[in-house]
1. Cβ under 11 Å from Val398's Cβ, Val398 left aside: what net charge do those residues give with Lys, Arg +1 and Asp, Glu -1?
2. Given R₀ = 25 Å, what would the calculated FRET efficiency be for Ser127 paired with Val272, taking r from the Cβ atoms and rounding to 0.05?
3. Under 16 Å between alpha carbons, and skipping anything fewer than 8 positions from Lys225 in its own chain: which lysines qualify?
4. Run the simple label-point estimate for Asn360 and Gln504 please: 7 Å along Cα→C-beta, distance reported in nm.
5. Can you give the FRET efficiency for Ala260 and Val215, using 1/(1 + (r/R0)^6), R0 = 51 Å, r = Cβ-Cβ distance, to the nearest 0.05?
6. In whole Hz, with x marking every Gly and Pro, tabulate ³J(HN,Hα) for segment 316-321 from phi via Karplus 6.51 cos²θ - 1.76 cosθ + 1.60, θ = phi - 60°.
7. Length gain on complete extension for the stretch Asp390 to Leu39, per 0.36 nm per residue less the alpha carbon to alpha carbon distance?
8. What ranking, highest mean first, results for peptides 515-521, 308-314 when packing means the other Cβ atoms within 10 Å averaged over each residue?
Amino acid sequence: MSDAATTAPAQEPAPAAPASASPPAGPPPAPENISPPQLALYMLASLTFGLAQGMGNYLVSGNLQAVQATFGATTNEAVWLMAGYSSTSITASLLLWKLRTQFGLRRVAKIALVFLVVISLAHVVVSDLHSAVLLRAVAGFAGAILNTLAFLYVLEALPLRHKLTTGIALGLLGSQIAVPLSRLISPHLLEIGLWPQLNMVELVLSLMCLVWILVLPITPPVSAKVFDRVDAISLPLLIVGLGLIAVVLSLGRYYWWTEASWLGFCLAVGLVCLTLLVAIELNRERPLVNLHWLSSTDMIIFGGSMFFSRFILSEQTTGAIGFFQNLGLLNEHMAGMMWVIFFATLAGFLGVAPINKPENRAAIQGTGLALIAIGAWMESRGTSLTRPHDVLLSQGLVAFGGAIFLPPAVGWSFAHTLKWGIQHLTSFFAIFLASQNLGGLLGAAGLGSFLVIREKFHSSQIVENLTGADPLVVQRIQQYGASYGRVLGDPALRSAEGSTLLAQAATREAYVLAYNDLFLVVAIVSALCLLGLLSHLFILWLGRRRARTDAARTAQPA
C-alpha cells in the first residue's frame with residue numbers, strides 16, 4: 001500500500017491543465033522559525049476544526065434514543081437526520097474546494113461558518129423532525145469545509161519538512177477522536193436536556209471555528225478561475241448522484257434493501273446521474289474530477305486504504321458499541337471503554353506523527369493491520385455476560401491500529417499527488433473525502449446488514465431446538481414464569497410470560513453470536529490486507545533484486 005508509489009508508471013504524463021484551471025503553484029511554505037506560541041495556536045485551531053466536523057454527526061448517531069424522545073419518532077425516522085447530513089457533505093467538499101480556489105479561502109470559510117452557526121442556532125429551537133432533517137442537510141453542506149481547514153491550518157504552521165509527515169497525522173487527529181469524545185460527553189449533556197443540549201456543542205464549536213478564521217491568518221492559495229459552463233451540468237449530476245447513493249446506504253439496513261421500493265428507485269437514479277457525469281467528464285478539457293488519473297493503480301490502492309480505515313472505525317461504532325447497546329447498556333455504562341478508545345486513538349496519531357516517513361510507512365501500516373486483526377479476533381469470543389471492562393485491551397488495539405494506519409496512506413498519496421502536479425489536488429481531495437464519507441457509509445451498511453442476516457440465521461438455529469418436548473426448555477419457561485408469581489395467579493399466563501422471556505433470551509444470544517461473526521470477519525479482512533501488503537512488498541523486493549542482477553550482468557563484460 002505505502003510503497004505503491006514505486007510502481008507508478010513513470011511514462012504516463014500528467015494531463016496538462018490550462019493556466020486558468022488551477023493555481024500555478026501551491027501556497028508558500030511556512031517559515032522555519034515560527035514561534036512555539038504561534039505553532040500551538042495553529043494546532044489548537046486545527047483540532048477545533050476537526051472536532052467540529054466530527055461532532056456534527058457523531059453526537060446525533062450516538063444518541064438516537066434522545067433524538068427519538070425529542071421528536072417522538074421511530075428509529076427509522078430518526079436516522080433520516082444522519083442521512084440528510086451525509087447526503088450533502090460528500091459532494092460539498094469538492095464544490096467548496098473549487099469555490100475557495102476561485103473566490104478565496106477566507107471568504108468562503110467565513111460564509112460557510114456563518115451559515116453553520118445560524119443552522120446550529122436554529123437546531124436548538126426547532127421541534128419538527130422534517131425541519132431538523134432539512135437543517136442537518138444544510139449543516140452537512142456548510143460544515144464540509146472544516147476537514148479541509150483542519151489540514152490547511154496544521155500545514156500552515158509546520159516547516160516544509162514536516163508537512164507531509166507530522167502535519168498529516170495531526171490534521172486527522174480532531175475528526176478521529178470526535179467518535180469516542182462525543183459518547184463521553186453525551187450522558188452529561190442529556191442530564192440537562194435532550195436534542196437542544198446536543199446541538200449546543202455544535203453551536204459552540206462552530207463559533208470557535210469562526211473566531212479562528214477571523215483572528216488567525218492563513219496563507220491564501222493563488223486564486224484562479226476553475227468554474228466553466230459545463231459545471232452547471234456536472235455539479236448537479238454529482239450532487240444528486242452521490243446524495244441519493246448516500247441516502248440509500250444510510251437507510252438501507254433500517255428499511256431493508258429489498259423491502260422498500262423507493263430505495264431501489266433512489267439507487268437507480270443515483271447511478272444514472274453518476275454514469276452521465278462520467279460520460280461528460282471523460283470528454284472535458286478541464287474536468288471537474290480527473291477520472292483518468294483517479295483510475296490509476298496508485299489511486300485505486302489509496303482509495304482502498306481509505307475505505308478500509310473507515311471500515312475499521314465502523315467496527316467500533318456498529319460492532320463493539322452496538323454489541324453492548326444490544327445488551328441494554330447506555331453510553332454512561334461504556335465510559336471506561338470510550339476512554340480507552342480515546343487515549344488509544346490519541347496515542348496512535350501522536351505516536352505515528354514523528355515517524356510517518358516514506359521509508360517507515362509500510363512497517364507502520366503492517367503493524368496497524370496486525371493490531372486490528374488481533375483485537376477483532378479477541379472480541380469474536382464474546383458472550384451475553386461480556387461487559388465493556390472485558391474488551392478494553394481488544395478495543396485499545398483496534399483503535400491504536402486504526403489510528404496509525406491512516407496517516408501513512410494519506411501522506412504517501414498527498415506527496416504522490418504533488419509530484420503529478422497541483423492541478424490534481426481537486427481530484428485528490430475528491431477521492432479522499434469521498435472515500436472517507438462513502439467508506440464510512442458502506443462500512444456501516446455492510447456490517448449492519450451482515451449482522452442482521454447472521455442474527456436471523458442463529459435465531460432460526462436456536463429456536464429450532466426450543467421445543468416443548470425438551471424438559472430443560474419446560475423448566476426454563478417455568479423459572480421465567482415464576483418471576484411473575486406475585487402478580488399473575490393464572491398458571492397459563494405465567495407460562496406465556498415465561499415463553500416470552502425465553503424468546504427474548506434466544507434473540508439476545510442470537511445477536512451475541514452474530515456480533516462474534518462480525519468481529520471475526522473484521523479480523524479476517526485485516527489479516528488478508530496484511531497478507532496483501534506483505535505480498536506486494538515481496539514482489540517489489542524481487543523486482544529490485546532482479547534489476548540489480550541485470551545491471552551487474554550488463555556491466556560485467558565492460
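1. -2
2. Numbers: r = 37 Å, r/R0 = 1.48.
Efficiency computed from Cβ-Cβ geometry: 0.10.
3. Lys98
4. It is 5.2 nm.
5. With R0 = 51 Å, the Cβ-Cβ based efficiency is 0.60.
6. For segment 316-321, the Karplus curve yields 6, 7, 6, x, 4, 5 Hz.
7. Residue separation times 0.36 nm, minus the Cα-Cα distance, leaves 122.4 nm.
8. Answer by packing, highest mean first, reads 308-314, 515-521.
Throughout, read-outs are computed from the coordinates displayed, never taken from laboratory work. Since the structure is predicted, the reported quantities are computational estimates derived from the model, not experimental observations. For neighbour counting, all protein chains shown are included, and Cβ atoms are generated from backbone atoms with ideal geometry for every residue, glycine included.
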